1. So which aspartates and glutamates can Lys355 reach, going by Cα to Cα under 13 Å and dropping same-chain residues fewer than 8 places off?
2. Classify region 248-406: rounded, prolate or oblate, from the alpha-carbon gyration tensor (a ≥ b ≥ c, eigenvalue square roots; a/c under 1.5 rounded; otherwise prolate if a/b is larger than b/c)?
3. Under 5 Å between amide H atoms, partner at least 5 residues away or on a different chain: which partners does Arg386 have, H built in plane at 1.01 Å?
4. How are the C-alpha pair distances of the chain spread across 10 Å bins, as whole percents from the shortest bin up?
5. PRE reach from Leu36 (point 7 Å along Cα→Cβ): which of region 171-201 fall under 14 Å by backbone N?
6. Exactly which trypsin sites (Lys or Arg not before Pro) in region 107-179 are in a DSSP loop and have at most 15 other Cβ atoms within 10 Å?
7. Using a simple spin-label model with points 7 Å from Cα along the Cα→Cβ vector, what separation in nm is obtained for Glu179 and Asp305?
8. Rank Ser102, Pro85, Ala476 by how far each Cα sits towards the positive end of the charge dipole of the chain (+1 on Lys, Arg Cβ; -1 on Asp, Glu Cβ) and give me just the farthest.
Amino acid sequence: MRFTPLLLFVLLLATLPARAVQDEPLTVREIRQEALKPNQGSQGRPLPLMGHWNYGIFPNGYDPEYQLKLIAQGHHLLPWFYLPPPDLRADDPRWIAYYEKSLKQVAALGLPVSFVGTQWERLLTDDPAYFRLPPDKNPNVVERSGTIRPMLSPFGPAAPWREVGVRWTSAPLMKKFQEWYPNPPLVLFVSNNEHPKLPWPQVEDDRRYLEQNGPGRSSEEKRELVFNAWISRYRSLLQGMRFGLSSQNWKTRSLFIGFNAFGPTYFGRSLDWMQFALPGRAAVDPAPLMWDGGSPQYYVYGGTDYTDYTVLGPQIEAMNQVFMQQEAWRLNPGFWFELSLWDGRDPGRPYDRQKYYEQKGQVYTPERYAGMARFGMWLFRPRTVREFRRERDTLASSEKYFLAVLAAVDEVYEDAALRSFWQYGRLVPNRARRHHYRYSVPQQYQQEDRWFLLETSLDPPPPWEPKTELPVFSLALVKGKAPQRQWLVYACSPLADRDRVTINVPEYGPVRVDVKIEGSFYVLDEKGRRTKPL
């Protein structure tokens, strides 16, 4: 039986013991409650929780002790730990010190927990026991010459995928975790999901593909074959990981999530975008059919033209993925949607985005980062906002930026209007414009809304190029029915606070507001034609 996320939530809610909550901190109760809600239930969308890719195994990082301190202060985090490799010694004092005390504290509070780490399938290439298997049993690409390429193939045998999944979760340290925390409400396993995999345009490089399907198939046929083959392999991997868990509670309450296990931000950007993506007949990407959740990137990349203030940036590209989120939930109603967030700050590295901005005479502040983060948060309303920093990055170099985003998460709990719009608001499309990524859009997606940026009085004249600067980024959510609707307008201005900006809200009309770097919220009332700042 395959445990889908929806079934897992039903089983989870049915089996959780009653808790005495009268003395429980409100924040702890809220974290648990929001983590356990369905994506689209009678209580609306679940409120967000904060996560991270830095697991604090190096000094002065985002370790579990630091996380628990923040929760005690009233912040809404879903605790995270490093997912130990299968060969990590269970009796190593360093690792016991990292895990035991904090995990037992998490258990005492009854909090959900996540384990974050590398890509699990990497063992299929990195472990000689698999890489040196004969061609007919090897999970990697087998070239026509018989040479084994260090890259996974969707046409190799599925059995090794299940084996490595079992290895990860049956390791000695994982067994200790289940002893220390026997009854968690929810466990997330989060994979980096970046191991090299055979791209569909190169399938004829693998002789198993040729043996099974022959040469000369069309691009559409190749994509469909690869689409379904990856679903089979990754289901085997995740079935193995679930099977390897020793605790029945963990088996039924665990979700397996992949970084960028989602459709592409570059959908429609160029004529050849499908060469790098994997759209199939069933979906724009196979991820919802093989993962329990995805954590797509909302990144500003160094070494490119990406910025937080131009057309080429995460805000514009992320609008492509709103319809993909809805499609994922149609295919897999329990699909756990996160947002992986990064501002491109990379201290000491050549493509540090902060240094790039400084060279342009700009100041990059935590407030500016939070403004960009809020746009992505309100575009998607994700279950988790998972910030990226490198594993050796320290609190000294990044904590003030992290706390600015954490404040954007907490404010959804603290402000009644924000909470209500997060739960029940409907994202407002701006159909006066079309997304400028229009190349090779499949027929079934040509009518999907992909533009949510509102028009403002500061917009540059068209046409917009990738480097065109956008002074203000704004979007809106709406609640209720005419003539008593309310809109929540969010707007941020990355480079400077701007006063008296006119924003045109579809079906409401123009509204004049002040826009802060870190973002500004306004509630519009249709009946009274009132504008209320939050």
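The values are calculated or read from the model by the stated rules, or taken from the named source; none is laboratory data. Just so we're clear, the structure is a prediction, and the values are computed from it rather than from any experiment. When we count neighbours, we look across all protein chains shown, and the Cβ atoms used for this are built from the backbone with ideal geometry, even at glycine. Accessible surface is based on the protein model in full, side chains and every heavy atom, while ligands, DNA and RNA are left aside. Shrake-Rupley method; radii C 1.70, N 1.55, O 1.52, S 1.80 Å.
1. Asp343, Asp346
2. Working: a/c = 2.17, a/b = 1.42, b/c = 1.53.
Judged from the Cα gyration tensor, region 248-406 comes out oblate (a/c at least 1.5, b/c at or above a/b).
3. Sorted by chain and number, the residues that satisfy this are Gly51, Leu339, Ser340, Leu341.
4. Histogramming the chain at 10 Å steps yields 3, 18, 28, 27, 17, 6, 1, 0 percent.
5. In region 171-201, the label zone of Leu36 (backbone N under 14 Å from the point 7 Å along Cα→Cβ) covers 183-187.
6. On the way: sites: Arg122, Arg132, Lys137, Arg144, Arg162, Arg167, Lys175, Lys176; in loops: Arg132, Arg144.
When the trypsin sites (Lys or Arg not before Pro) of region 107-179 are filtered for loop state and at most 15 Cβ neighbours within 10 Å, Arg132, Arg144 remain.
7. Between Glu179 and Asp305, the label points sit 5.8 nm apart.
8. Projecting each Cα onto the dipole axis, the largest value belongs to Ala476.
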